[in-house]
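One structure is given here, and the rest of the page talks about it.
The values are calculated or read from the model by the stated rules, or taken from the named source; none is laboratory data. Computed from a prediction, not measured in an experiment: that's the story for all the values here. All Cβ positions, glycine included, derive from the backbone under ideal geometry; neighbour counts span all protein chains shown.
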Amino acid sequence: LETLHPGDHRIPPWDFRVKEVTSLSVDPHKMVGSTIPAGCLLFREEAPLKHISVSSPYLTSTKAYTLAGTRDSGAVAAAYAVMKHLGREGYERIVAACMDNTSYLEKRLRELGLEPVIEPVMNILAVHHPDPDLVQERMRKRGFFLSRVRDPPALRFVVMPHVTRASIDVMIPELEGALKD
């Protein structure tokens, strides 16, 4: 969120400063194209680690606390290289483009009569619909794979760096058709 709104003190705390936050995930592959195994899961306390540990008597320690695919150091090096290459300015450029496209998608969805559940503060947009499962299935048949929210019932869109205004413009008529089917 700091990259979305640098220096904006209206953004509420969202990390370990909030007592109820017990874990955070870091997924550099989602916004900056790093390798998938570079993601990590951070816990406030050590106790949850027991749920993901596996016995490793053949190692120098008796337990391993990594998830499948997370031990490859090449992924860590790749993530570091991407971070160094982009720098903060690169991250901000990527996030700004995603937010511009999120606003554009919101405008286009409103044109179809779909209202946001909340005004998006990041690149995720959910719009109310009484039967998101039906729309999801209709869109799948049209070659588009949408997510949904169960409570409240809504269609969910995540605007990643590969999403462009052109791709939004291709999807909107298909969604309009799926809403009318």
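Out of the residues in region 154-171 that are surrounded by 16 or more Cβ atoms within 10 Å (Cβ to Cβ) and more than 17 Å from the chain's Cα centre (by Cα), which is farthest from MET122 (Cα to Cα)?
Among them, the one singled out is MET171.
I need the full set of residues from region 90-124 which are at pLDDT below 95 and among the hydroxyl-bearing types (Ser, Thr, Tyr), in order please.
Hit for region 90-124 is TYR91, nothing else.
State whether one or more residues within region 41-59 are at pLDDT 85 or above and surrounded by 13 or more Cβ atoms within 10 Å (Cβ to Cβ).
Looking through region 41-59, at least one residue is at pLDDT 85 or above and surrounded by 13 or more Cβ atoms within 10 Å (Cβ to Cβ).
State the number of residues belonging to region 5-17 that are at pLDDT 80 or above and either surrounded by 11 or more Cβ atoms within 10 Å (Cβ to Cβ) or under 16 Å from the mean Cα position of the chain (by Cα) (or both).
So the answer is 3.
Filtering region 11-35 down to residues that are part of a loop (DSSP other than H, G, I, E, B) and of a type in the set (A, V, I, L, M), which residue is nearest to HIS51 (Cα to Cα)? Walk me through it before giving the result.
Just the residues of region 11-35 that are part of a loop (DSSP other than H, G, I, E, B), to begin with: 11-22, 27, 33-35.
Those still in the list that are of a type in the set (A, V, I, L, M) too: 11, 18, 21.
Working: ILE11: 32, VAL18: 23, VAL21: 18 Å.
Per the criteria, the residue is VAL21.
Within the bounds of region 21-33, is there any residue that is surrounded by 13 or more Cβ atoms within 10 Å (Cβ to Cβ), on the phi > 0 side of the Ramachandran plot and modelled with pLDDT of 65 or more?
Taking every residue of region 21-33 in turn, at least one turns out to be surrounded by 13 or more Cβ atoms within 10 Å (Cβ to Cβ), on the phi > 0 side of the Ramachandran plot and modelled with pLDDT of 65 or more.
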